[in-house]
Number of protein chains: 2
Amino acid sequence: MSHTVEILSVGTELLLGNIANTDAQMLSQGLSELGLNVFWHTVVGDNLQRAEEAVALAKKRADIIITTGGLGPTCDDLTKNVLAEAFGRKLVFDEGSAERIRSYFNRIGRTMTDNNLQQAMLPEGCTILPNDWGTAPGCAFEADGVHVIMLPGPPSECRPMFQYRAKPYLLSLSEGVIASHTIKLFGIGESTMEAQLRDQMNAMSNPTLAPYAKEGECELRVTAKAAADEEAQALLQPTVAQVRELFGDKVYGVDVPSLEYVVIRDLKEKGLTIGTAESCTGGLMAKRLTDVPGASAAFRGGIVSYTNEIKAGVLGVPQDMLNRLGAVSGEVAAAMAEGARRVLGCDIALSSTGVAGPDRDDRGSEVGTMFVAIATPEGTRVRALHLGARPMRERLRTQTASHAFDLARRYLSGLDYGD
Amino acid sequence: MSHTVEILSVGTELLLGNIANTDAQMLSQGLSELGLNVFWHTVVGDNLQRAEEAVALAKKRADIIITTGGLGPTCDDLTKNVLAEAFGRKLVFDEGSAERIRSYFNRIGRTMTDNNLQQAMLPEGCTILPNDWGTAPGCAFEADGVHVIMLPGPPSECRPMFQYRAKPYLLSLSEGVIASHTIKLFGIGESTMEAQLRDQMNAMSNPTLAPYAKEGECELRVTAKAAADEEAQALLQPTVAQVRELFGDKVYGVDVPSLEYVVIRDLKEKGLTIGTAESCTGGLMAKRLTDVPGASAAFRGGIVSYTNEIKAGVLGVPQDMLNRLGAVSGEVAAAMAEGARRVLGCDIALSSTGVAGPDRDDRGSEVGTMFVAIATPEGTRVRALHLGARPMRERLRTQTASHAFDLARRYLSGLDYGD
């Protein structure tokens, strides 16, 4: 049976534009992976009449309604009251939920008000979805042929409540398990990737293959449905292998969070250290490497040399090279990486220099002209980039840093890298 | 007359969760500032029947309908067709729009297909909203007592199309102008700020005062409505002055993009230069300073000293100080800033050291213990922070960098700073 889902979000802050509806995005992604069709997102404010009308409509057109928000004391538990009423359920006090709320307040050291205990009133006969990430419990029930799931609004609660509470409930509706792997790629455009896969994607039903693009990187999510996890994994493996084969060393990992994570992981495995010398990326490379928890085991430090004096004085880039070529050149990128390796005492060093805009540099190099380099015990290699002036400054810097990380992961994996 | 608005977004990518509905957020914020009440957000996919149903419902309950998406050739101009049909308007070819589309393709050097010219078909008698940021023109018309405004979906087009095309149209409905100022604060919590302003905010109707919080900073937007801009400004000034008086030197600027922008601007005005020495922030301070276009006139560079060897070897922090105190201490923060000032040859230097987590450091300092320092020609000052372990790593780092920038802007403005 094919389910149709409506996501109904309740919250005036959404209608004022104070926040974006990232709950709806997160849920939509998760539900699509479960093979459920999301046909509507609806947002109403903390307003009884409009919430009632929205619920009546959703009840008519969807067979799964997932609500977010409107569960807390500040909105009088609007969502819960309206849905209980629409589906003819009484609200009853649940002592277990009350106890969890009391102990939550104890744990964070705040005083609980009576309002908060209102949150322990739940639709009679519902499945309670305990909230370990906040106070308002979620709940689920089936009535009049419709499944209703209520989740709290704050994204830091909604996300785990979906993952660990709603998803198992939804899986029980669909008999079986869903498993997925995410294949990460660098160095290929989304449209090229899609063009190479389109026929295959259209022909597949289980597993399915879905492309995503972000910040100059691509990923492919492979999702399979089966009676048990083992069987789902068996369905996934051939597709993962096929994609790896098709895209070769453009695949930098499966189920890994980021390119910088892979670099830090590989360095730690090999017992090597890294450092950075940055001009156009201005600290972004160091920042991204230190975003990885535990980076201190491999990352020693970095130099942001935003002026030629610092390139020469701290990194030891020859002054006559800077005079001759300006800062934006492959030779300078190489000298910066070598300087960083020496000054920071690390095994490998990455560097960047280029024009991030908004204006050309003083030698007339175009915005988007970038050089990244890697210095290693085996020598130094450079990659020249022509990213064009159309991406914004932020994006140019992100892509440049990613290219430097790509040099590092290729070097660490024994692949071809740089020139 | 009080208008009620529905924002109707058309796009399967929203229902799959590929992107969040940031258009709806941006529009909601802009519409609220115009004094228009947004009561509903609705999202449907590229599906004729559901789009028709959504339009019929919006027509019944709202008197302004703003659509986003569904205007391009890939979805057969779904939105335009459905709305024209619902309001009994024929689509007619607009030569001016066709010409703009042709010249857009010329400019970006791509080939135009016949599909693209479909975008020049527009509802008869509408106000055309020319799109200088992409190909699909927007449009607006009034029919059956409802104002309809159609905007393209990509956020990079939707945002300027609202700002420069739809907003003037909406202003003409409301007779008069809207003007606003944004007051930026640092060093005060959102709840404290709101508590101090609540009575005042509730009592105000023109201008209005709206608080926003993000990333450990607060802002207050003051918005006034009047017949002419001069009059609106006259309404705004007393409130801006009052807020400045109330929050004193916690206000770091009005209508400025960020704390780092203010630091770079003030440095440039005074002809001074800055540099950074970062441990826990790992490059984020340098990255944020170089996010400011034109930063190179004031920012010289930075050292990311993620290990004690680099703190000692590159920045010259005394080894016995590191042995005695560990890296996380006010003395080390001060020595780092002084070292950076010397090594980078800048007028002032900022530093950070602390425990960003997930684990305590090797001396048992708690996650969230941070020190920032500023070294200037007049000496060195330190600020100790206890941010707690509850914020995530990313957030701790952001707040720490902001505190360092706050030291700099206070120093540059002649205010009290650090200890």
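The values are calculated or read from the model by the stated rules, or taken from the named source; none is laboratory data. This structure is a prediction, so every number in the text was calculated from the model and none was measured. Neighbour counts run over all protein chains shown; Cβ positions are idealised from the backbone, glycine included. Surface accessibility is based on the protein's heavy atoms, side chains included, excluding ligands, DNA and RNA. Shrake-Rupley method; radii C 1.70, N 1.55, O 1.52, S 1.80 Å.
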Hits in the range B:198-226 - residues which are among the hydrophobic types (A, V, I, L, M, F, W, C) and either more than 23 Å from B:Q399 (Cα to Cα) or at pLDDT 85 or above (or both): B:M201, B:A203, B:M204, B:L209, B:C218, B:L220, B:V222, B:A224, B:A226
Of everything in the range A:298-311, what is more than 7 Å from chain B (Cβ to nearest Cβ) and within 19 Å of B:C280 (Cα to Cα)? Give them in sequence order. A:A298
Would you be able to tell me the number of residues in the range A:318-328 that are among the small types (G, A, S) and either open to solvent by less than 10 Å² (accessible area, probe 1.4 Å) or within 33 Å of the chain's Cα centre (by Cα) (or both)? 1
Out of all the residues in the range A:150-170, which are more than 27 Å from A:T113 (Cβ to Cβ) and either in a strand (DSSP E or B) or under 22 Å from the mean Cα position of the chain (by Cα) (or both)? A:F162, A:Q163, A:Y164, A:A166, A:K167, A:P168
Across the range A:378-410, what is the number of residues that are out of contact with any helix residue (DSSP H, G or I) (no Cβ under 9 Å at 6 or more places or on another chain) and surrounded by 17 or more Cβ atoms within 10 Å (Cβ to Cβ)? 4
Residues B:A295, B:A337, B:A373: which one is more than 23 Å from A:G345 (Cβ to Cβ), more than 12 Å from every other protein chain (Cβ to nearest Cβ) and open to solvent by less than 10 Å² (accessible area, probe 1.4 Å)? B:A373
Just the residues that are closer than 12 Å to A:T68 by Cβ and either open to solvent by 50 Å² or more (accessible area, probe 1.4 Å) or small (G, A, S) (or both), please, taken from the range A:152-167. A:G153, A:P154, A:P155, A:R159, A:A166
For the range B:11-30, give me each residue that is at the interface with another protein chain (Cβ under 8 Å from one of its Cβ atoms) and in contact (Cβ under 8 Å) with a residue 12 or more places away in the chain. B:L14, B:L15, B:N21, B:T22, B:A24, B:M26, B:L27, B:S28, B:G30
Filter the range A:1-10 for residues that are of a type in the set (A, V, I, L, M) and farther than 18 Å from B:F39 by Cβ; which is farthest from the other protein chains (Cβ to nearest Cβ)? A:M1
Looking at A:V314, is it within 8 Å of another protein chain (Cβ to nearest Cβ), open to solvent by less than 10 Å² (accessible area, probe 1.4 Å) and of a type in the set (A, V, I, L, M)? no
Cβ-Cβ under 7 Å, sequence separation 6+ or interchain: first residue in the range B:35-48 and under 10 Å from B:I7 (Cβ atoms), partner among the charged types (D, E, K, R). Which pairs? B:F39/A:R50; B:F39/B:E6; B:W40/B:E6; B:T42/B:E6
Could you check how many residues of the range B:114-129 are within 13 Å of B:E95 (Cβ to Cβ) and either out of contact with any helix residue (DSSP H, G or I) (no Cβ under 9 Å at 6 or more places or on another chain) or open to solvent by 20 Å² or more (accessible area, probe 1.4 Å) (or both)? 3
Considering only strands (runs of 3 or more DSSP E) fully contained in the range A:36-99, which possess at least 2 residues that are acidic (D, E), within 14 Å of chain B (Cβ to nearest Cβ) and open to solvent by 20 Å² or more (accessible area, probe 1.4 Å)? none
